[in-house]
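The values are calculated or read from the model by the stated rules, or taken from the named source; none is laboratory data. Model, not experiment: these values are computed from the prediction. A quick note on method: Cβ atoms are made from the backbone with ideal geometry, for glycine too, and the neighbour counts reach across all protein chains shown. Heavy atoms of the whole protein, side chains included, go into the accessibility calculation; ligands, DNA and RNA do not. Shrake-Rupley method; radii C 1.70, N 1.55, O 1.52, S 1.80 Å.
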Amino acid sequence: MQEQIKKVLAEINEDIYEYEGEDLIADGLIDSIQLLDIVVSLEEEFEIVINVANVVQDNFKTVGAIEQLVRQYVSTGEEA
């Protein structure tokens with residue numbers, strides 16, 4: 001799943017694919033518009049609907065944090 005997420009993120013900003021830092025947003029790899037694009041792309045890729053309450057910086061700081069969020073939705077099949 002992490003590889004799928006990295007590919008989705010790389011479509012928004014290819015630098016994310018190799019990123020190993022601690023905060024994609026603070027480090028300038030994702031801005032607010034790109035964050036919305038990422039949410040839509042993840043929803044399409046994984047056939048989920050991400051609740052707007054979960055679209056917060058902590059859930060999108062790292063690829064691992066994004067993966068954890070997506071796994072919540074995929075495992076429950078519902079809005080987390």
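Report every pair of residues separated by at least 6 positions or lying on different chains whose Cβ atoms are under 8 Å apart, first residue within the range 1-19 and of a type in the set (Asp, Glu), second open to solvent by less than 80 Å² (accessible area, probe 1.4 Å). Within 8 Å, the pairs are Glu11/Ser41; Asp15/Leu29.
Out of the residues in the range 30-76 meeting the condition of being among the β-branched types (Val, Ile, Thr) and under 13 Å from Leu9 (Cβ atoms), tell me which one is most open to solvent (accessible area, probe 1.4 Å).
Val40
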